[in-house]
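The values are calculated or read from the model by the stated rules, or taken from the named source; none is laboratory data. Every value quoted in this text rests on a predicted model; they were computed, and no experiment measured them. Backbone-built Cβ (ideal geometry, glycine too); neighbour counts: all protein chains shown.
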Amino acid sequence: MTSSSIVRMLCRCATVVVAMVATAAPAVAQVGNFGTSPCGTPQSTGSLFSGAVSDLRRLPSRGSLGIASIGAAAAFGAHAADTSTSRAFSGETELRSTFKSGAVLGGAPLQMGAAFASYAIGRALHKPCVARVGAALFRAQLIAQGLTLALKETSRRTRPEGGGFSFPSGHTAMSFASATVLQQEFGWKVGIPAYAVASYVAASRVQMKRHYLSDVTFGAALGIVAGRTVSIGHGRRLLVTPMATPSGAAAGFTLLGKR
């Protein structure tokens, strides 16, 4: 695979991401969680975790089912090219220094640490809007982490470099969860660069031989779903079920009725 082929592959991945984001209907903010003022009263520290549990119980509606379906279809389509893409992309040694930072940018310590720091600073300085965004980021990252860990334990797919638990990519899921929250809070002025950073993280995981293309593709879908979960109101819910198939890891989706 040549450098131009890799660029085309990344462009196709970007197209899939755009499709997943565009498919989703606008989220309805849960203003009830934050009070009646524009930014509300900051959540307690304990509610960051209990709120994430509540969010999981009402995984999003039809829009997020569309996102998950596109992600699953794209991951299935990419599966056949996983080995060749990983070998070719990771073989571009001149790109290693370019993508090395992705391991840190998409990692849980930085992602969750920055989110919690934003929440704590907002509370300490009596800035409820800052605290709200930090809380939303933290909850979305918890959900993304929980979904990816569940699927990793089920699939136990071997990584390109030989380790375990490849599917889906946790770094990618957390990065896209953060990007989705930021986009919904601040609009596309912040959302576009945030999704660009998330895409960089996803590409870095393939280049560094930590994940296959299908791993990061479905990880992106999970991240977008997780990011929307913290700001979607009650309605139809999406049940995500990890599955292991003869062809590899998979996930099942069931759209449940209203409560």
Subject >> Among the candidates I143, I67, residue that is in contact with a Leu (Cβ under 8 Å, 6 or more places away or on another chain), aliphatic (A, V, I, L, M) and assigned to a helix (DSSP H, G or I) >> reply: I143
Original post:
Restricting attention to the range 84-103, does a residue exist that is surrounded by fewer than 20 Cβ atoms within 10 Å (Cβ to Cβ) and closer than 16 Å to S178 by Cα?
Top reply: yes
Original post:
Any residue at all in the range 176-194 that is surrounded by 20 or more Cβ atoms within 10 Å (Cβ to Cβ), closer than 20 Å to K209 by Cα and at pLDDT 95 or above?
Top reply: yes
Subject >> the range 134-151, residues that are over 13 Å from A115 (Cα atoms), crowded, with 24+ Cβ neighbours inside 10 Å and in contact with a helix residue (DSSP H, G or I) (Cβ under 7 Å, 6 or more places away or on another chain) >> reply: I143, A144, L147, T148
Original post:
Within the group F138, F167, which residue is modelled with pLDDT of 90 or more, in a loop (DSSP other than H, G, I, E, B) and not polar (S, T, N, Q)?
Top reply: F167
Original post:
Out of (1) under 28 Å from R96 (Cβ atoms); (2) surrounded by 24 or more Cβ atoms within 10 Å (Cβ to Cβ), the odd one out for G227 is which?
Top reply: (1)
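Out of A131, A75, A117, A108, which single residue is surrounded by 15 or more Cβ atoms within 10 Å (Cβ to Cβ) and within 22 Å of V201 (Cβ to Cβ)? Steps first, please.
Values: A131 fails: within 22 Å of V201 (Cβ to Cβ); A117 fails: surrounded by 15 or more Cβ atoms within 10 Å (Cβ to Cβ); A108 fails: surrounded by 15 or more Cβ atoms within 10 Å (Cβ to Cβ).
Result of the check over A131, A75, A117, A108: A75.
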